[in-house]
1. Which cross-chain or sequence-distant (5 or more) residues have an amide H under 5 Å from the amide H of PHE150, H modelled 1.01 Å from N in plane?
2. Report the calculated FRET efficiency for ASP332 and GLU223 (r = Cβ-Cβ distance, R0 = 35 Å), to the nearest 0.05.
3. Amide H of GLU205: which non-local residues (sequence gap of 5 or more, or other chain) have their own amide H closer than 5 Å, using H built in the peptide plane?
4. Which aspartates and glutamates have a Cα lying under 18 Å from the Cα of LYS123, excluding residues fewer than 8 positions away in the same chain?
5. Could you name the lysines in cross-link range of LYS335, using Cα to Cα under 16 Å and dropping any fewer than eight places away on the same chain?
6. Per residue of the stretch 240-247, in order, report the coupling 6.51 cos²θ - 1.76 cosθ + 1.60 (Karplus, θ = phi - 60°) as ³J(HN,Hα) in whole Hz, putting x for Gly and Pro.
7. In whole Hz, with x marking every Gly and Pro, tabulate ³J(HN,Hα) for the stretch 159-171 from phi via Karplus 6.51 cos²θ - 1.76 cosθ + 1.60, θ = phi - 60°.
8. Using Cα extents along the principal axes in Å as the read-out, say which of (i) 54, 40, 40; (ii) 63, 53, 39; (iii) 79, 44, 36 was calculated from these coordinates.
Amino acid sequence: MRRGEETCLSTSAAEPVNSKKLCRGGALGALSFMLGLTLAGASTSCAEPLRPAILYNLVKFDASFNEAAYRGIERFKTEMGTQYREFEVKSDVEREAVLRRFASRGEDPIIAIGFPFASSVEKVAADFPKSRFVIIDAVVEKPNVQSVVFKEQEGGFLVGLMAAMASKTGTIGMVGGMDLPIIRRIACGYEWGAKAARPEIAVLEAYAGDTPSAFTDPARGAELARSEIGQGADVVLQAAGQTGIGVLRAAADAKVLGIGSDSNQNGLYPGHVLTSLLKRTDNAVYLALRDAASSEWKPGTRLLGVAEGGIDLAIDNADKPLVTDEMRQAIDQAKKAIVAGTLVVPDWAKARSCPP
């Protein structure tokens with residue numbers, strides 16, 4: 001047994017015992033249960049403990065999507081004492097090879113961060129039907145795969161509200177990474193939120209490319225941001241992974257406002273980042289592991305938005321001077337309406353267009 005993994009206890013007593021739950025419950029849970037046993041007729045055995053593994057796309061510490069996922073698995077490790085394996089995948093060939101290696105070693109569940117893993121997860125999950133897989137930001141329809149996707153349009157709406165309220169020029173911008181439905185959802189929500197606050201506002205939109213490398217090119221992000229700033233944009237949202245760090249840098253250099261995404265990027269350029277759209281990959285990872293530990297894990301699609309704790313905004317000391325009371329009130333009202341179902345932000349992916 002590896003350091004940090006829990007032991008478990010089962011019994012032949014009349015009342016049925018969920019040995020998986022006991023195994024995941026940690027030392028205190030096992031001790032409490034043990035104290036309640038009578039010695040007669042008791043026997044011990046151990047269900048297989050969790051052996052999670054996580055695969056990051058390219059870089060773990062990207063100040064964005066992957067790093068948030070890392071925080072989620074670290075939170076689970078801290079709470080449960082469960083060790084895990086991890087790997088930064090650099091190429092398409094590596095994705096499938098590492099997934100197979102983890103599955104053959106009995107790592108479970110195996111969590112893949114990002115849509116580039118979709119085809120590899122589909123192949124490997126079919127070959128290892130007893131292993132559980134989780135893919136974040138893509139859908140793989142296999143009986144042993146949980147797919148976690150987000151209502152990105154809701155986050156786009158919230159930051160769009162703030163951008164329009166903060167703009168002095170009446171023009172705002174958005175720079176996406178790869179041109180994907182996921183990013184188009186954010187862009188559509190951003191436009192809807194902005195025009196809900198100021199119907200006449202102009203919203204510029206640009207994408208860094210049509211391959212996954214569009215998420216790893218800060219110089220390209222800065223170039224696109226400067227172009228939008230040159231057209232009058234004084235608030236620019238980045239939805240571009242590492243490419244977006246260049247967007248935020250260009251905004252700060254031009255003394256205008258940027259908006260971060262995926263994780264809290266407010267502190268990267270204090271005073272020049274209005275807020276950050278939080279795509280809670282940390283919660284997605286944590287929830288998948290928590291459910292696996294309590295025998296509640298299920299395959300299928302899990303959709304996370306504002307109501308489910310998957311989408312939020314970051315407001316902290318770094319951006320506090322930029323956020324007015326009117327912005328806070330508008331965001332609070334929008335969140336409540338989204339949760340209540342009275343505000344439904346359109347999903348670009350459903351119609352393949354953004355309704356006017």
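Readers should treat all values here as calculations from the given coordinates under stated rules, not as data from a laboratory. For clarity, every value in this text was computed on a predicted model and none was experimentally measured. FYI the Cβ positions are ideal-geometry reconstructions off the backbone, even for glycines, and counts take in every protein chain you see.
1. LEU304
2. Between ASP332 and GLU223 the formula returns 0.45.
3. Here MET174 satisfy the definition.
4. Those aspartates and glutamates meeting the cut-off are ASP92, GLU94, GLU96, GLU107, ASP108, ASP137, GLU141.
5. LYS151, LYS279
6. 9, x, 5, 4, x, 5, x, 4
7. In residue order, the calculated couplings are 6, x, 4, 5, 4, 5, 6, 8, 5, 9, 8, x, 10 Hz.
8. Label of the calculated value: (iii).
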